[in-house]
Every structure is written in structure tokens, then in C-alpha cells.
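The values are calculated or read from the model by the stated rules, or taken from the named source; none is laboratory data. Just so it is clear, the model here is predicted, and its values are computed rather than measured. Every residue, glycine as well, gets a Cβ built from its backbone with ideal geometry; the counts of neighbours run over all protein chains shown. When the accessible area is computed, the model is the full protein with side chains, heavy atoms only, and any ligands, DNA or RNA have been set aside. Shrake-Rupley method; radii C 1.70, N 1.55, O 1.52, S 1.80 Å.
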Amino acid sequence: MTAVDALASELPALTQAEYERYSRHLILPGVGLEGQKKLKAAKVLCVGTGGLGSPVLLYLAAAGIGRLGIIDFDTVDISNLQRQIIHTVERVGQSKAQSAKERLAQLNPHCQVDVYETQLNASNALDIIAKYDVVVDGTDNFPTRYLVNDACTLLNKPFIYGSILWFEGQVSVFNYQGGPTYRDLFPEPPPPGAVPSCAEGGVLGVLCGVIGSLQATETIKVILGLGDTLSGRLLLYNALKMQFRELKLRPHPDRPVIKELIDYDQFCGITQARQQEQTMQAEIPEITVQELHQRLTQQPQQTLLVDVRNPGEYEVARINGSVLIPLPELEQGAGLEKLNQIWGDQELVVHCKSGVRSLKALHLIKEKTGRVGMNVKGGILAWSREIDPSVPQY
């Protein structure tokens with residue numbers, strides 16, 4: 001039984017134009033005419049049109065998937081184009097979902113594309129996912145992954161998983177023919193902030209193409225019932241070593257039975273983290289970039305400006321006179337020793353990219369030393385926008 005379980009007699013016919021378009025599939029053993037009809041009959045939902053969703057959607061449309069669903073509520077940003085190859089410079093500022101739909105129409109007008117310009121959540125996931133045969137994960141956050149997994153479990157839909165960070169990626173097939181689910185790989189989510197996002201940690205652009213292409217391959221195999229899927233296996237890819245490894249996965253005997261969708265921000269600790277951040281904001285004084293600029297201009301010797309971003313970020317963009325002490329070093333203790341050595345009676349001001357990591361750093365400093373510094377509202381991005389446009393945005 002494949003994801004497309006229609007009888008051969010009920011499969012859609014191909015037009016003459018489709019015979020020509022898919023000729024390389026039609027002569028391919030394992031696909032052929034019936035297989036191409038299955039692809040045309042298939043309905044696939046891709047959650048996200050970013051680094052992974054881009055190659056997934058392009059290759060599935062090119063392969064002849066009859067109906068593709070796209071769910072994304074974000075807009076195209078210039079920084080996306082390093083890896084999100086479905087979008088173009090002309091579409092910066094536009095809806096990602098609409099941008100992807102336009103590109104897919106150019107690639108294959110025979111493919112129906114459904115667009116959902118909304119955030120997938122517990123209230124709409126079952127209704128949306130129920131319309132499709134297979135769901136492909138193109139997300140970059142844990143709450144959505146658990147949501148997709150649980151919805152697919154409830155609806156008995158195969159879930160094609162992929163994730164990327166830095167130079168590494170992983171792929172698997174979940175909830176397929178009694179195989180493991182995402183909860184067998186990660187029974188519990190990591191603490192918020194423990195795994196950096198691509199925006200924080202960076203990612204090799206072409207890595208998205210490798211992992212997304214593998215996801216598209218697994219999707220097609222599931223639809224056709226062809227070959228050995230990655231169900232029960234986690235494929236790990238290291239681009240720097242050009243190495244693939246494989247881990248076996250099995251259903252966990254104590255895995256909880258999914259009966260309903262839940263609050264996934266709460267489950268993943270996001271709600272609690274936001275509440276903690278609000279508490280920290282109440283305890284830590286804030287300074288605007290205009291006020292910081294005035295201090296550095298009029299009282300440079302009385303201000304100690306500490307940058308808690310990573311060294312790579314500091315190399316890209318920095319505020320003159322700042323001292324780099326990355327947040328991980330502060331958390332490990334060495335950064336606190338360095339700070340104590342240079343922090344005399346100056347006023348401590350701390351910044352990061354947008355103000356989140358610096359708030360965390362100041363809370364840690366207050367806990368460990370009893371001293372209070374000021375957080376730069378909006379971080380170096382605000383400094384670039386409002387004070388010094390020569391500082392690159394990234």
C-alpha cells in the first residue's frame with residue numbers, strides 16, 4: 001500500500017504534453033506509465049518554503065506531483081536568497097508562499113498549487129494536513145515539527161523529515177507503515193535556545209539543496225512504493241567530510257499515544273522562555289542606540305561596551321570600541337573572568353544582534369556578580385539602521 005492508494009483504473013490519464021514532459025520517467029523501470037499517473041494523483045503538503053522547502057517544491061513539481069500544498073506566512077528577505085532558490089531578487093518583500101507558487105507555475109503549469117498564507121497551528125493543522133497524502137517538513141523550529149508529527153500520527157500520514165545546521169543535515173521518514181515517528185527520535189524537545197537557528201548559527205547554502213533533494217526523493221519513493229525508504233533510519237550528512245552515516249530508529253515502547261494536538265509552544269518551553277524574558281526585561285535597564293551613541297561620543301571612557309555575539313558575527317559587523325565576549329564564554333565562566341579583569345567603575349552596556357542574547361548575558365552577569373548593566377535595545381541591527389548605515393546588516 002502506497003501513499004496514493006487509488007486503483008490503477010482510477011488513476012488520472014496523462015495528456016500528450018505530459019507524455020512529452022515526463023518521458024524520462026515513463027521509460028524508467030519502477031516508475032513507468034502507472035508510476036507517473038500515481039505522481040499526478042498524489043497530493044503533497046510542504047510546510048515552509050525556505051532552504052529545504054525550495055528544492056523540495058521545485059523537484060516535486062518537476063516530477064509531476066499533481067497537487068502541491070504550500071504553507072508559509074513569511075515574506076522573502078534578501079538574506080534568504082543565499083539558499084532559498086525558489087525565490088528571486090524581484091520577489092523580496094513579497095509573500096513566500098505566493099513567490100513559490102509563481103515559480104512553480106513557470107516550472108510546471110500542470111501542477112495544481114494550493115497556498116496557505118498562515119502559520120500552522122493546533123487549530124488548523126488537522127484540517128489542512130487531512131487534504132494531502134504526504135507531508136514534507138521544511139521548518140526550522142521544534143514546536144512546528146512536533147505539531148506536524150502529531151497531526152500526521154493522528155491522520156496516519158507519512159511525514160518526510162529534514163533538518164539542517166552549519167554544515168550538517170539529517171533526513172528520515174516518519175509515521176510510515178508502522179515505523180517510528182519524530183517522537184521516537186526526540187521524545188522531549190531541547191531547552192529553548194539550546195539548538196541555534198540558522199539565523200543565529202548560520203548554514204551552508206548548498207547543504208539545503210542536498211537535504212531537500214533527499215526529502216523529495218523519499219517523497220517520490222513513498223508515493224510510488226519504490227525501493228527502501230528511510231523509515232526506521234536516520235540519515236546523517238556531513239558536508240565538510242562529504243560523509244553519510246546512518247542510525248537505526250525503532251518505535252519507543254513508552255512513546256505516549258497521541259490523542260489530540262496540544263499547545264506546542266508550551267510543550268517546547270517557548271511560553272515559559274517568553275515569560276522568563278519578560279521578567280528579565282523588567283530587571284535589566286535598557287538603553288537605545290541613540291543614547292548609546294551619545295554616551296560613546298561624550299563619555300567614551302566611562303562606558304564599557306561588550307558584544308556577546310559569536311566571533312564570526314563580530315568579524316562581519318561591529319560597533320567601534322566594543323569588546324567581544326561571546327555569550328557561550330560567559331556561560332562557561334571564562335568570559336566572566338575576562339569581564340571582571342576589564343570592568344572597573346565604568347557603566348556596563350551589552351549588545352548582541354537584536355537584544356535577546358545580550359539580555360540573557362546581563363541576567364547571568366547580575367546573578368554571578370551582583371552588578372547590573374544596560375541592554376542595547378534592538379542590538380547592532382538597530383545601530384546599523386539608526387546610527388551608522390556603514391555597519392553591515394546580516
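Of note:
- Considered as a group, the residues in the range 78-103 that are touching a residue at least 40 places away in the same chain (Cβ under 8 Å) and assigned to a helix (DSSP H, G or I) include one that is farthest from residue 56 (Cα to Cα), and that residue is 79.
- Of all residues in the range 256-267 being open to solvent by less than 80 Å² (accessible area, probe 1.4 Å), of a type outside the set (Ser, Thr, Tyr) and modelled with pLDDT of 90 or more, the one that is farthest from the chain's Cα centre (by Cα): 258
- Residue tally, condition assigned to a loop (DSSP other than H, G, I, E, B), under 16 Å from residue 369 (Cβ atoms) and either without any contact (Cβ under 8 Å) to a residue 12 or more places away in the chain or among the hydroxyl-bearing types (Ser, Thr, Tyr) (or both), over the range 301-343: 1
- First in the range 373-391 and under 24 Å from residue 340 (Cβ atoms), second anywhere and among the β-branched types (Val, Ile, Thr) and modelled with pLDDT under 95, Cβ under 6 Å, 6 or more apart: 375/284
- Candidate set: the range 118-143, residues that are in a helix (DSSP H, G or I), out of contact with any Cys (no Cβ under 9 Å at 6 or more places or on another chain) and open to solvent by 20 Å² or more (accessible area, probe 1.4 Å); chosen: the one farthest from residue 171 (Cα to Cα): 127
- Pair list, Cβ < 8 Å and 6+ apart or interchain, from the range 246-269 residues that are within 22 Å of residue 179 (Cβ to Cβ) to residues that are at pLDDT below 90 and basic (Lys, Arg): none
- Meets criteria (modelled with pLDDT of 95 or more and on the phi < 0 side of the Ramachandran plot) for residue 200: no
- Counted residues, the range 233-255 - those being assigned to a loop (DSSP other than H, G, I, E, B) and either open to solvent by 30 Å² or more (accessible area, probe 1.4 Å) or of a type in the set (Val, Ile, Thr) (or both): 9
- Residue check, residue 282 small (Gly, Ala, Ser) and under 16 Å from residue 188 (Cβ atoms): no
- Within the range 268-285, the residues that satisfy the criterion of being surrounded by 14 or more Cβ atoms within 10 Å (Cβ to Cβ) and over 23 Å from the mean Cα position of the chain (by Cα) are 276, 280, 281, 284.
- Criterion applied to 149, 141 was being at pLDDT below 95 and either of a type in the set (S, T, N, Q) or more than 22 Å from the chain's Cα centre (by Cα) (or both), and the one residue passing it is 141.
- When the residues of the range 156-171 are filtered to those that are over 20 Å from residue 221 (Cα atoms) and either without any contact (Cβ under 8 Å) to a residue 60 or more places away in the chain or hydrophobic (A, V, I, L, M, F, W, C) (or both), the one that is most open to solvent (accessible area, probe 1.4 Å) is 166.
- Among the helices (runs of 4 or more DSSP H) confined to the range 172-232, the ones with at least 3 residues that are open to solvent by 40 Å² or more (accessible area, probe 1.4 Å) are located at 205-224.
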